[in-house]
Amino acid sequence: MIRYIYICVTVCLIALSSAGYAEEGGMIKLPAPVMAGGKPLMQALKERHSTREFSPRALSNQVLSNLLWAAAGVNRPESGKRTAPSARDWREIDIYVTLREGVYRYDANDHVLLRVSKEDLRASTGQQEFVGHAPLNLVYVADLTRMEGASPEQKNLYSAADTGFIAQNVYLFCASEGLATVVRGSVDREALAAMLGLGKHQRIILAQTVGYPAE
């Protein structure tokens with residue numbers, strides 16, 4: 001009887017720990033990304049599409065890790081260069097990850113999530129109802145101080161282009177893994193920037209919702 005209770009408690013603890021993201025010291029250490037598998041590129045391109053209907057089911061740690069690495073992770077450790085191109089290697093786009101558990105900034109170099117806020121700001125990342133129910137919204141923020149030597153026009157152009165590259169990586173990953181996604185421009189940037197604690201040198205470019213397709 002005691003052994004049976006022990007097994008039940010152990011199973012419950014495992015289930016609870018896998019339901020959320022383990023944070024330590026304001027940081028979530030993501031598992032190493034799995035770089036094998038997935039659909040062939042041409043098939044992923046064929047199946048790439050936008051959707052606005054999502055299941056509330058949370059993404060696992062591993063799926064979140066793979067997704068962020070595909071978006072803009074380091075694929076050449078010797079130089080720190082990323083899976084998405086960046087004009088003049090500025091790497092000016094930061095990915096803010098909004099979850100039910102709070103908001104984090106993706107640190108590609110260490111492949112970790114850094115705590116930004118404990119609030120659930122998913123509903124504030126867009127003006128459509130589904131953004132508050134989907135498990136994940138990515139917010140692409142340009143740090144203009146990294147764009148050394150660029151004119152204001154160039155900053156607008158290149159930060160938008162670099163965001164587009166990242167968003168397309170997310171689209172292809174989602175198509176490959178059977179996830180749903182849509183990139184969005186309808187964002188109250190001023191209000192969301194205040195919630196994220198952004199400075200005047202930071203600019204929200206786009207947001208992107210990710211989750212499992214609605215059942």
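The values are calculated or read from the model by the stated rules, or taken from the named source; none is laboratory data. As the structure is a computational prediction, the values presented were derived from the model and not from experiment. Quick reminder, even Gly has a Cβ in these numbers, built from the backbone with ideal geometry, and neighbours come from all protein chains shown. Accessible surface areas use protein heavy atoms only, side chains included; no ligands, DNA or RNA. Shrake-Rupley method; radii C 1.70, N 1.55, O 1.52, S 1.80 Å.
Residue by residue through region 25-44, note down the ones that are open to solvent by 80 Å² or more (accessible area, probe 1.4 Å), over 26 Å from S117 (Cα atoms) and either among the charged types (D, E, K, R) or in contact (Cβ under 8 Å) with a residue 60 or more places away in the chain (or both).
If the condition is that a residue be open to solvent by 80 Å² or more (accessible area, probe 1.4 Å), over 26 Å from S117 (Cα atoms) and either among the charged types (D, E, K, R) or in contact (Cβ under 8 Å) with a residue 60 or more places away in the chain (or both), then L41 is the only one that fits.
Please verify whether region 142-153 includes one or more residues that are in contact with a strand residue (DSSP E or B) (Cβ under 7 Å, 6 or more places away or on another chain) and either open to solvent by 30 Å² or more (accessible area, probe 1.4 Å) or not aliphatic (A, V, I, L, M) (or both).
yes
Applying the selection to region 93-122, what residues are over 21 Å from T163 (Cα atoms) and without any contact (Cβ under 8 Å) to a residue 60 or more places away in the chain?
Within region 93-122, R100, G102, K118, D120 meet the criteria.
Out of A167, A161, report the one residue that is at pLDDT 95 or above, among the hydrophobic types (A, V, I, L, M, F, W, C) and more than 17 Å from H49 (Cα to Cα).
Step by step, each of A167, A161 is checked, and only A161 is at pLDDT 95 or above, among the hydrophobic types (A, V, I, L, M, F, W, C) and more than 17 Å from H49 (Cα to Cα).
Yes or no, residue by residue, for (1) closer than 23 Å to Y104 by Cα; (2) modelled with pLDDT under 50:
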position	(1), (2)
M1	no, yes
T10	no, yes
L13	no, yes
G20	yes, no
I28	yes, no
P40	no, no
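Do you know which residues across region 109-128 are in contact with an Asp or Glu (Cβ under 9 Å, 6 or more places away or on another chain) and either surrounded by fewer than 23 Cβ atoms within 10 Å (Cβ to Cβ) or at pLDDT below 95 (or both)?
Residues satisfying the conditions are L114, R115, K118, D120, A123, S124, Q127.
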